[in-house]
1. Could you calculate the contour length gain from residue 26 to residue 98, that is, 0.36 nm times the residue separation minus the distance between their Cα atoms, to one decimal place in nm?
2. Compute the FRET efficiency between residue 116 and residue 137 as 1/(1 + (r/R0)^6), taking r as their Cβ-Cβ distance and R0 = 41 Å, and round to the nearest 0.05.
3. Under a plain spin-label model, where a point goes 7 Å from the Cα along Cα-to-Cβ, how far apart in nm are residue 63 and residue 149?
4. I'd like the FRET efficiency for residue 2 and residue 53, computed as 1/(1 + (r/R0)^6) with the beta carbon distance as r and R0 of 25 Å, rounded to 0.05.
5. Under the rule a/c < 1.5 gives rounded, and otherwise a/b versus b/c splits prolate from oblate, where does segment 84-149 land using the Cα gyration tensor?
6. Where does the chain land at 222 nm, in deg cm²/dmol rounded to the nearest 500, when only DSSP H runs of n ≥ 4 count, each adding -39500 (n - 2.57), divided by all residues?
7. Given R₀ = 30 Å, FRET efficiency for residue 82-residue 128 by Cβ-Cβ distance, to 0.05?
8. Angle check, please: helix 111-135 long axis (alpha carbons) against the longest principal axis of the chain (alpha carbons), in degrees 0 to 90, nearest 10.
């Protein structure tokens, strides 16, 4: 559990850093805003699933224009994940969660694998966002785990 908690702390930190970089860049790139919103919504979708709630109400790829609303979503996600993980026992990591994906296809996945998906999915897209910032001649932000671990 210690590793998962630490990795999730990195996720919260990295989400905030990537938002800071987007704000500083003053980008109006709708694809970038859509992508960062996608990360926030995907975190929310997976949280819903591990909490035993549906996720059909969430749209993963909507347009976004307001970084403030996205930041609020990330902050709410972090708060809810902290509560969820704090109440999670090591033995529950292998519990299988039944859910349907956004297309309605049913799946069963362990809590451990779902949390790993959340962590890796966000890092993948933060890399894409940083690359796009560099292409726009904006400054990408350091979000590597080792940078976080050195704090």
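We did not get these values from a lab; they are worked out from the coordinates using the rules stated. Nothing here was measured: the structure is a model prediction, and the numbers come from that model. All Cβ positions, even for glycine, are placed from backbone atoms using ideal geometry, and neighbour counts span all protein chains on display.
1. Here the segment from residue 26 to residue 98 would lengthen by 21.9 nm.
2. Calculated transfer efficiency: 0.75.
3. 4.2 nm
4. Efficiency, from the Cβ-Cβ distance: 0.40.
5. Since a/c reaches 1.5 but b/c is at least a/b, the shape of segment 84-149 is classed as oblate.
6. That comes out to -21500 deg cm²/dmol.
7. 0.70
8. Computed tilt is about 10 degrees.
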